[in-house]
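Just so it is clear, none of the values below were taken in a lab; they were calculated from the coordinates. Owing to the predicted nature of the structure, the values given are computational and were not obtained by experimental measurement. Glycine gets a Cβ as well: all are built from the backbone with ideal geometry, and neighbour counts include every protein chain shown.
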Amino acid sequence: MNPSFFRSVVLTFAIAFSGSAIGQAQETSAEASLSVQGRATAFPNVVALRGKCFNESRVIVIATEKPLTAKQFEQVVKANAEETQTLEGYVSYIKASFKEDGKLRYLVGDGGGAVFSKKNEATQTILQGKATVTGDRVKGEVSLNEPGEYSKVSKMVFDLPILTEAPAAN
């Protein structure tokens, strides 16, 4: 085999492979944070999954400080998608619940010294958000800006695959 032809084949393969790896890295992006009375907490682990609320399907985006364990993942799947919950190991989290059409229903959380549950209603302005659900993927944004003595500010931005099982532990 011609050595220069072989090098060009290998180089073409390497470029194609690195391009697909870059594409895969861009397939998942998410960030989430919560500030309670000015104390900020970052939630670097964000996953999306499907759950239920009174037998209606919901897409749940949950952000945690550490990756969910398989047991915590199952807790989230089995729980009412719109309720606050205590995860095994007392993990801090923020969780957004969406209808299949992308309408935000609730933002609930436990972190920064606060446990909260905010329903998205037309009469309120402190909670905003929407998602686009396309097959097994969700992309969207949620923001909470609650003033007052126990002020809370939260932001989630995500473009994620919707998982059917807990991600493998690293």
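Give the distance, in whole Å, between the Cα centre of region 123-150 and the Cα centre of region 30-87.
For region 123-150 versus region 30-87, the Cα centre distance is 14 Å.
Given the convex hull over the Cα atoms of region 29-163, what projected area results after averaging over all orientations, in nm²?
Its Cα hull, projected and averaged over all orientations, spans 7.4 nm².
Over 19 Å between Cα atoms, which of 71/119; 66/103; 52/119; 99/152; 103/155 qualify?
The pairs that break the limit, which is 19 Å between Cα atoms, are 71/119; 66/103; 99/152.
May I ask for the net charge around residue 101, where only other residues with Cβ less than 13 Å from the Cβ of residue 101 are counted and Lys, Arg are +1 while Asp, Glu are -1?
Charge balance near residue 101 sits at +3.
What is the diffusion coefficient of region 85-138 in µm²/s, taking the Kirkwood radius over Cα pairs and the Stokes-Einstein relation at 37 °C with a viscosity of 0.692 mPa s?
It comes out at roughly 264 µm²/s.
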